[in-house]
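Data block below; observations after.
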Amino acid sequence: MRPHPLLRPLLAALAALLLVLTPAGPAWAEFSLPPLPYATDALEPAIDATTMALHHDRHHSGYVANLNAQIPAYPPLADLSLDALQGQVGRVPAAVRTAVRNNGGGHWNHSQFWAVMAPVGQGGEPSAELLAAIEASFGSLEAMQSKFNQAAAGRFGSGWAWLIRKPTGTLAITSTANQDNPLMNLPGIERGTPLLGLDVWEHAYYLKYQNRRPDYIAAWWELVNWNEVNRRFAATEA
Ligand code: MN3
C-alpha cells in the first residue's frame, strides 16, 4: 500500500518541531572530573607521578562516576552545584545518602586537593591577612602546622585533615573520616569553610611512603599552594 502523499512532509514537519523544542544539551548536568592543574610528575619528589596518576585518573574519577550513577535514583542531585551539595548531604534521601556522601565528598575533597598544591617553589607564601588570622587563632604559623600535622597523623584509618574558617571567623584545625568534609551538615562534623585539606588515605601516599604517614605529611608542606589558600581565605571575607 502506498503511503499517503502528505505523510512524508508531515513527518518532516514534526521532526523539525521536535528539534526546536528539544534543549541542546541533556536535561541535567553531570558532575565532571577536573583535569590536574599540572603534570603528574610536577609534584615530585614529595608525591610521585604514579601515585598522582592513579589518585586522579582512578580514585577521583571513580568518585565522579559513582556520584553521577546516583542521579537516576535522585534526579535533584543534577541541579546542585558540587559546593551546594556538600551542605545538603544530610537532606539527601536515605536510600542514596551514603553513596552521595562518600562520592560527592570524594569529588569535592579531591577537587580542592589538586588546587591547594603546586610544584615546589610555585605556591607562594601566606598573605599578610591570612598570616594575621593564623597568628590570632594559633599563635604562629608553626603552631598551626604542628596542630595540623597532629590531626593528619592522628586520623585513624582513612580521612582528611583541614584548616578551616569557622562561622565565628576564627581559624581551626579539624579532621574528618572517609570522604566527609567540614562543609557537610552531618552530626559529628566540625563545620567551617575549608582553606586547606590534606588527603591521608593510604592511596595518597602508600606507594612511596608505605606506613610512614608522618613523612608524607612533612614533605607535603613543600607543595602547599598558598596563593590558592589565600584566595580561599579572602573569599570567606566577602
Ligand atoms: Mn584520595
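Starting from 0.36 nm per residue, how many nanometres of slack lie between Leu186 and Arg58 once their C-alpha separation is accounted for? Let's see the in-between values first.
Numbers: separation 128, 0.36 × 128 = 46.08 nm, distance 2.72 nm.
So the chain would gain 43.4 nm between Leu186 and Arg58.
A Cβ-based charge dipole, computed about the Cα centre of the stretch 81-238 with Lys and Arg at +1 and Asp and Glu at -1, lands at about 520 debye. Judged by the mean number of other Cβ atoms found within 10 Å, the most tightly packed of the peptides 163-176, 106-119 leads the ranking 106-119, 163-176. Measuring nothing but how far apart in sequence close Cα pairs (under 8 Å, 6+ apart) lie, relative to its length, the chain scores a relative contact order of 22 percent.
With a Förster radius of 30 Å, plug the Cβ-Cβ distance of Phe156 and Ala73 into 1/(1 + (r/R0)^6) and report the FRET value to the nearest 0.05. Mind showing how you got there, number by number?
Numbers: r = 32 Å, r/R0 = 1.05.
According to the calculation, E is roughly 0.45.
Label sites at Asp215 and Ala95, each approximated as a point 7 angstrom past Cα along Cα to Cβ, lie 4.9 nm apart.
Cα convex hull of the stretch 46-238: how many Å³ per residue? The partial results should precede the final answer.
Working: hull volume 22.5 nm³, N = 193.
Dividing the Cα hull volume of the stretch 46-238 by its residues yields 117 Å³.
By the beta-carbon count within 10 Å of each Cβ, the least crowded to most crowded order of Leu82, Leu183, Leu77, fewest first, is Leu82, Leu77, Leu183.
For the chain, the 222 nm mean residue ellipticity estimated from helices alone, with every DSSP H stretch of n ≥ 4 adding -39500 (n - 2.57) and the total spread over all residues, rounds to -13000 deg cm²/dmol. The angle between the Cα long axis of helix 141-154 and the longest principal axis of the Cα atoms of the chain comes to about 70 degrees, rounded to the nearest 10. With angles folded into 0 to 90 degrees, how steeply does helix 226-237 sit against the dominant principal axis of the chain? Use alpha carbons for both and round to 10. Taking the Cα atoms of the chain, the angle to 226-237 is about 70 degrees.
The simple spin-label model puts a point 7 Å past each Cα toward its Cβ; for Arg231 and Asn66 those points are separated by 2.9 nm. Principal-axis analysis of the Cα atoms of the chain puts helix 128-138 at an angle of about 70° to the longest axis.
Computed from the coordinates by the stated procedures, all read-outs in this text should not be read as laboratory data. Treat the numbers as computed from the prediction; the structure is a model and nothing was measured. Cβ coordinates were reconstructed from backbone atoms using ideal geometry, including for glycine residues, and neighbour counts include every protein chain displayed.
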